[in-house]
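What follows is a single structure, written as structure tokens, with notes after it.
The values are calculated or read from the model by the stated rules, or taken from the named source; none is laboratory data. Here the structure is a predicted model, which is why all the values come from computation and not from measurement. Please note: Cβ atoms are built from the backbone with ideal geometry, for glycine as well, and neighbour counts cover all protein chains shown. Only protein heavy atoms, including side chains, enter the accessible area calculation; ligands, DNA and RNA are left aside. Shrake-Rupley method; radii C 1.70, N 1.55, O 1.52, S 1.80 Å.
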Amino acid sequence: MDWKAFGFRDDPLTTSPIMQSTLALFTGHQEERQVCSHLLMGSNVRLVIEGARGVGTTSFANYLRFSAEAKKLYFTPKTEIKVEQGWRLETLLAAIISNLIRELELTLEKVIIDKRFQAAKALSSHISEAYRSFGVDAFGFGLNYGKQAGVVTQPIIIPSTTLGHHLEDLISLIKENGYSKGVIFQLNNLDIGEIHRQEDMKYLLNALRDYTQMEGSSWLLVGDHGLRKFIAQQVDRLDDIISYEVTINPIPMTDLAEMIDKRIHFYRESENIELPVEKEVFDYLYQITNGRLRYIFGLISRLMSKLYIGDLIAKVTLDIAKPMLTKLGKDRMQRSDVTNSEAELLQILVRLGNATASIVAKQSQKSSQYVGRTFLRLIEKGLVSYKKEGRDKIYSPAIDAIIAYA
């Protein structure tokens, strides 16, 4: 969509996380920010950040590390590490080193001539080439090598101890160049059940534990609700050394209004420009998405794209938005070939919000086995997700199902 036609130099509804250039747009979580920023004044911090998908956990973590970098306390790469399914410790360390090397080349050019940097870069290039020879992307970004029990696995190219030595060298090099606390690494996608099997995540976090104690390194571990509980129950070696944990809940509606105002002022090209969307539309989406910012801004972007393909209208009102949003959701249902029986259970799940198969079974007068099989098909269609709480699977409807049946 051409936002310049509306007087904005860029998209004010972007769903991209906060970056260095947009730190001023971060809104809310004042208490959590103060506690965590104070914590990062120390060294070798291990911070767990958890929250529902789309609520802003990545932006919160980005805000912390980029703010610390602005004070010259830490160096941190622009992009976080998205931990993929099936990664081994060697894959993760290789991805961390590669990410660090790319950032150093862009921002600290004087380190390029250092032998430690050259050795780490040569190693990183060797690993990348080795992965390509297996027919996969470097470090498994996108594609993967092999399969084991239904989970993709990575070939081991370099032992983890060797990778650890090179990582230590790079951290020392960074500290010598003025970053007194070293480096902050951010690991995303630590979602148990949704992305990673429990046994895989247990292995990876246990294996990573000793490397998180490396002098000059601090770690932000970002995942869905339940990450901290999982670490406490399943990864006791790491549990013992976690510095702090913080849960990111949806910001209140007053903060959402402040965030929108900040975005308008940041992106508009002149003082009299306003966003062509009424406040009531944001309020409505806040309610049906449970305050998940990525979904709020993403849905309005989809709405705007459809509305402004044809004739321009002065402003998107709730009367205009509601039926169009419902149609967007129902179109997705149609494209996914949702059957009548699947739709019936999906509507019950939307009404309940989150539920086990047994609860939905009671509401629908079906068996738990029938509901479980139906939800499995809906998971494959991307309309339902789940997370494990003990032995229970807690199912949740996808945002398209919510707006179709809200």
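Being within 17 Å of the chain's Cα centre (by Cα) and touching a residue at least 60 places away in the same chain (Cβ under 8 Å) narrows it down to one residue among Gly86, Gly54, Gly7, Gly28; which is it?
Gly54
In the stretch 375-385, which residues are touching a strand residue (DSSP E or B) at 6+ places or on another chain (Cβ under 9 Å) and open to solvent by less than 60 Å² (accessible area, probe 1.4 Å)?
Scanning the stretch 375-385 gives Phe375, Leu378, Ile379, Leu383, Val384, Ser385.
Of the conditions (1) among the hydrophobic types (A, V, I, L, M, F, W, C); (2) modelled with pLDDT of 95 or more; (3) closer than 26 Å to Arg292 by Cβ, Ala207 satisfies every one except a single condition; which number is it?
In the conditions (1) among the hydrophobic types (A, V, I, L, M, F, W, C); (2) modelled with pLDDT of 95 or more; (3) closer than 26 Å to Arg292 by Cβ, Ala207 misses (3) alone.
Would you pick out the residues in the stretch 10-25 that are assigned to a loop (DSSP other than H, G, I, E, B) and either touching a strand residue (DSSP E or B) at 6+ places or on another chain (Cβ under 8 Å) or touching a residue at least 24 places away in the same chain (Cβ under 8 Å) (or both)?
Asp10, Asp11, Pro12, Leu13, Thr14, Thr15, Pro17, Ile18, Met19
May I ask you to list the residues in the stretch 206-230 that are without any contact (Cβ under 8 Å) to a residue 60 or more places away in the chain, within 27 Å of Val384 (Cα to Cα) and of a type outside the set (Phe, Trp, Tyr)?
Listed by number, the list holds a single entry, Lys229.
Only one residue in Ala357, Ala314 is of a type in the set (A, V, I, L, M, F, W, C) and open to solvent by less than 30 Å² (accessible area, probe 1.4 Å). Which one?
Ala357
Return the total of residues in the stretch 6-56 being under 30 Å from Ser270 (Cβ atoms) and either among the β-branched types (Val, Ile, Thr) or touching a Cys at 6+ places or on another chain (Cβ under 7 Å) (or both).
Matching residues across the stretch 6-56 total 5.
Counting only residues that are buried (at least 16 other Cβ atoms within 10 Å of the Cβ), over 11 Å from Tyr405 (Cβ atoms) and not aliphatic (A, V, I, L, M), which one in the stretch 323-353 is farthest from the chain's Cα centre (by Cα)?
Checked the stretch 323-353; the qualifying residue farthest from the chain's Cα centre (by Cα) is Glu342.
How many residues are surrounded by fewer than 20 Cβ atoms within 10 Å (Cβ to Cβ) and outside any helix (DSSP H, G or I) if we restrict to the stretch 155-186?
Here the count works out to 8.
Kindly indicate which of Thr27, Thr15 is touching a helix residue (DSSP H, G or I) at 6+ places or on another chain (Cβ under 6 Å) and under 17 Å from Asn188 (Cα atoms).
Thr15
Per-residue answers, yes or no, for (1) touching a helix residue (DSSP H, G or I) at 6+ places or on another chain (Cβ under 6 Å); (2) open to solvent by 10 Å² or more (accessible area, probe 1.4 Å); (3) not aromatic (Phe, Trp, Tyr):
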site	(1), (2), (3)
Tyr203	no, yes, no
Leu221	no, no, yes
Arg228	no, yes, yes
Asp236	no, yes, yes
Ile241	no, yes, yes
Met259	no, yes, yes
Glu278	no, yes, yes
Leu285	yes, no, yes
Phe297	no, no, no
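Every residue in the stretch 175-233 that is farther than 30 Å from Leu376 by Cβ and hydrophobic (A, V, I, L, M, F, W, C), please.
Val183, Ile184, Phe185, Ala207, Leu208, Met214, Trp219, Leu220
In the stretch 159-174, which residues are under 28 Å from the mean Cα position of the chain (by Cα) and either at pLDDT 95 or above or among the hydrophobic types (A, V, I, L, M, F, W, C) (or both)?
Scanning the stretch 159-174 gives Leu163, Gly164, His166, Leu167, Glu168, Leu170, Ile171, Ile174.
Checking the conditions here, which among Asn62, Asn44 is modelled with pLDDT of 95 or more, part of a loop (DSSP other than H, G, I, E, B) and open to solvent by less than 60 Å² (accessible area, probe 1.4 Å)?
When all the criteria are applied, what remains is Asn44.
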